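Student: The following block contains the structure, expressed as C-alpha cells.
Every number here is computed from the coordinates shown, using simple stated rules; none is lab data. Remember, predicted model here, so these are calculated numbers, not experimental data. Don't worry about glycine lacking a Cβ; one is built from the backbone with ideal geometry, like all the others, and counts go over all protein chains shown.
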Amino acid sequence: MSQTIETLNISGKEAKKHIAEALKIVFPGVKFSMRSSYNSVYVTWTDGPLTIDVERVLNRFESYTRVLCVTDYKKATGYEWKGQHFIGPEFLSTSRSLSDERKSILFRELETHGSQWGDLNVSVRYEVERDLIRRGLLNGVSPRDRPDLLLDSKPVLDNRQKPNISTPEIKPTIELLQPLDELAGKRLAKVFQFPIQKPVDRLTPVQRLKLKTLQLFIEKEDLTELSFEGADIDQLFELVAEEICSN
C-alpha cells in the first residue's frame, strides 16, 4: 500500500535552511549571506561562483511553476527535500558583488578590446569572466556535479492550446483527359485542358522553361503564347513528369 506524502507549507525562513544546505554542498567553502521574509529568500555573495550557477540551485527550490496559458499565471507545485514535500516562498532572488580587485582585472581586459563593463549585457559579461578564468587570470568556482541539487531553469508548464492545423485538399486545375501515348519519338496530342489565359510575364524564368519543355511533348505551336498561373504550370509539368517517369 503506497503512502501519500504530506505537503507542508513553510515560510522563507524554513526554506532558507534547505537552500543554505544545498549551497554548502554544491559550492563548498563559499560564503553566502541569506535573508528571508515570509514569502521570499534573498542570497548574496562576493566574487566566487557566477550568478547563473547559483541560480541553478535556487531553481531546485522553486515552489511555484509558471503556467503558460491564455493569461500566464503561477501555480503552487512545491519541491521535494529529504523525502518531504514543501510549498515555500514565492520569491527567490540573488545578488552577486565583485571585489575591487576582480573589477580591476575585468575592466583592464575590456579596455584592451575597446569595451566597457557597463556596455555589455549579462551573458557577454559571463563569457568575458569565464574566459579570464580559463586563462588563469581570475579565480573561478564551479558547481559540483549534483544533478539532484541543480536545475537549469525555473519550472514552466505549457498549457497553451496547440493550433489544429489541417492540410487543405488541393484540387488540380489541370485535368488529365486521356493516358499518355508511347513517348518514343512521339508528341502528346490533346492531352491536357489548359486554364484561362493570364499574362505570361507573371511567370518566373523557371516556369517559362517548364513551358518550353512541355512544348516538346504537347502538340501546340507555341505554348508560350498561352499564359498560365504559375501554380498551373507547375502542376502540369509535375503531371507530365510523373507519366514519363512511371513508364
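Student: Decide, for the range 1-159, between rounded, prolate and oblate: order the square roots of the alpha carbon gyration tensor eigenvalues as a ≥ b ≥ c, take rounded if a/c falls under 1.5, and otherwise choose prolate if a/b is larger than b/c, else oblate.
Tutor: Prolate.
Student: So how much slack lies between H85 and D158, counting 0.36 nm per residue of separation and subtracting their Cα-Cα distance, in nm?
Tutor: So the extension gain works out to 24.0 nm.
Student: Please state the relative contact order of the range 1-153 as a whole percent: Cα pairs under 8 Å, 6+ residues apart?
Tutor: Dividing the mean separation by the residue count of the range 1-153 yields 30 percent.
Student: May I pose another question? Would you please give the residues with an amide H less than 5 Å from that of K74, counting only those at least 5 places away or on a separate chain, with H modeled from the backbone geometry?
Tutor: Amide H neighbours of K74, under 5 Å, 5+ apart: V67.
Student: Take the cross-link list K16/K74; K103/K154; K31/K103 and give me the ones stretching past 23 Å between alpha-carbons.
Tutor: As for pairs spanning more than 23 Å Cα to Cα, those are K103/K154.
Student: I'd like to compare 121-127, 10-16: which one has the highest average count of other Cβ atoms within 10 Å, and what's the full order after that?
Tutor: In descending order of packing, they fall as 10-16, 121-127.
Student: 5 Å is the cut-off here: which amide hydrogens, built 1.01 Å from N in the peptide plane, fall below it relative to Y64, excluding neighbours closer than 5 in sequence?
Tutor: So Y64 has HN proximity to T77, G78.
Student: Using θ = phi - 60° and the Karplus relation 6.51 cos²θ - 1.76 cosθ + 1.60, list the HN-Hα couplings for the range 85-98 in order, rounded to whole Hz, with x at every Gly or Pro.
Tutor: In residue order, the calculated couplings are 9, 10, 10, x, x, 7, 10, 10, 9, 9, 8, 9, 10, 10 Hz.
Student: For the range 41-172, give the share of DSSP beta bridges that are antiparallel, in percent and rounded to the nearest 5; count only bridges with both residues there.
Tutor: Around 45 percent of the beta bridges assigned by DSSP in the range 41-172 are antiparallel ones.
Student: Okay, next question. Rounded to two decimals, what is the ratio between the C-alpha radius of gyration of the range 42-85 and 2.2 N^0.38 Å?
Tutor: Working it through for the range 42-85, the quotient is 1.50.
Student: Pop out the ³J(HN,Hα) list for the range 59-71 in order, Karplus 6.51 cos²θ - 1.76 cosθ + 1.60 with θ = phi - 60°, rounded to Hz; leave Gly and Pro as x.
Tutor: Couplings: 4, 5, 10, 5, 9, 10, 9, 7, 9, 8, 8, 4, 10 Hz.
Student: Kirkwood Rh over Cα pairs of the range 74-171 into Stokes-Einstein at 20 °C, 1.002 mPa s: D in µm²/s?
Tutor: Taking Rh from Cα pairs, D becomes 114 µm²/s.
Student: Show the residues, 5+ positions off or on another chain, whose built amide H is closer than 5 Å to the amide H of T94.
Tutor: Excluding prolines and chain starts, which carry no amide H, the hits are V43.
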